[in-house]
1. If we keep just the residues of segment 66-106 that are in a strand (DSSP E or B) and in contact with a Lys or Arg (Cβ under 9 Å, 6 or more places away or on another chain), which is nearest to residue 125 (Cα to Cα)?
2. Of all the residues that make up segment 76-88, how many are modelled with pLDDT under 95 and of a type in the set (A, V, I, L, M)?
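The values are calculated or read from the model by the stated rules, or taken from the named source; none is laboratory data. For clarity, every value in this text was computed on a predicted model and none was experimentally measured. Please note: Cβ atoms are built from the backbone with ideal geometry, for glycine as well, and neighbour counts cover all protein chains shown.
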Amino acid sequence: MDRVAVFVDAGYFFAQGAALLSGKKSPRGELTPDLDKILAAFEKYACEISRVPLLRIYWYDGTSTGPTQQHLALAYKPHVKVRLGFVNKVGQQKGVDSLIVTDMITLARNRAMSDAVLLSGDEDIRVGVQQAQEYGVRVHLLGISPCRGSQSQFLMQEADTTHEWGHDEISAFLTHNLKLVQPAPVMPMIPVVEPIAASDTPLSPTTLNDLAEEAAAQIDASVLDGLVKSFESAGRLPPDVDRSGETELWIARLKTINGTAIGVCRRHETATPAAAGSGTRAVLIP
């Protein structure tokens, strides 16, 4: 089949992209990716180099806690397959190379592609390149500058063509956020927490909507669709969202709302003792 498949090693993509933009090793959390622009750039390059239509983009990454919000957002994009390996205790990505090799060989053997674009630097993937070529597939190796320092020389020699993305290409869809170092406080101040008084006015739905709107506004718009679909199917948020500091803030606020609701219910119960045995229950926010 005259189609081109794209194989993206996300670990290499983010590590080398951060090094190119910042001039040093930087954690992935300091990067802001535009997922739609990233996918569009891969598709454009793949179709230009191969001169055939796109089959799909395969995105490979490691995880230690299950799919992240970024993985979910990508998984719901058209013509994208997300494959996940794992990250060990020391932060090393494992199992990703074998996933790439398996998919390359399978697609080549089944004649599902005529060309393959590979973004990676690991020499372990060379066997996949070799076997795909034996089935007649042309393999185009894509790297991030400087390729000679970030990609295996044997992998580069094995590929049919090689190409390098520089600062201009990467900065079009990847942004490095400068991390400001905050000075340490001389003496930590312990705030005095006043007890929360129960309100006489029951919490209105409008208040909850306002809280939800404010929380949603803090989430990257490019991953919102994936989060919504994930919650609708699994009934929970991905771990990297559920354990974030922002989420802890909203949990604290919801506990405050619960405290207010409890006070309201107690006053109503005192005012109408007969209601205690009526079977009526108050449902609070968990």
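1. Within segment 66-106, the first condition is being in a strand (DSSP E or B), and the residues that meet it are 80-87, 93-94.
Retained after the next criterion (residues that are in contact with a Lys or Arg (Cβ under 9 Å, 6 or more places away or on another chain)): 80-81, 85-87.
Numbers: 80: 20, 81: 18, 85: 15, 86: 17, 87: 18 Å.
Restricting to residues being in a strand (DSSP E or B) and in contact with a Lys or Arg (Cβ under 9 Å, 6 or more places away or on another chain), the top hit is 85.
2. Looking only at that region, the number is 2.
Conditions tested, residue by residue: (1) touching a helix residue (DSSP H, G or I) at 6+ places or on another chain (Cβ under 6 Å); (2) at positive phi; (3) hydroxyl-bearing (Ser, Thr, Tyr).
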{"residue": "46", "(1), (2), (3)": "no, no, no"}
{"residue": "51", "(1), (2), (3)": "no, yes, no"}
{"residue": "94", "(1), (2), (3)": "no, no, no"}
{"residue": "97", "(1), (2), (3)": "yes, no, no"}
{"residue": "105", "(1), (2), (3)": "yes, no, no"}
{"residue": "138", "(1), (2), (3)": "no, no, no"}
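Rundown of residues vs (1) surrounded by 15 or more Cβ atoms within 10 Å (Cβ to Cβ); (2) more than 17 Å from the chain's Cα centre (by Cα); (3) at pLDDT 95 or above, yes/no style:
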site	(1), (2), (3)
6	yes, yes, yes
22	yes, yes, no
36	no, no, yes
48	no, yes, yes
59	yes, no, yes
71	yes, no, no
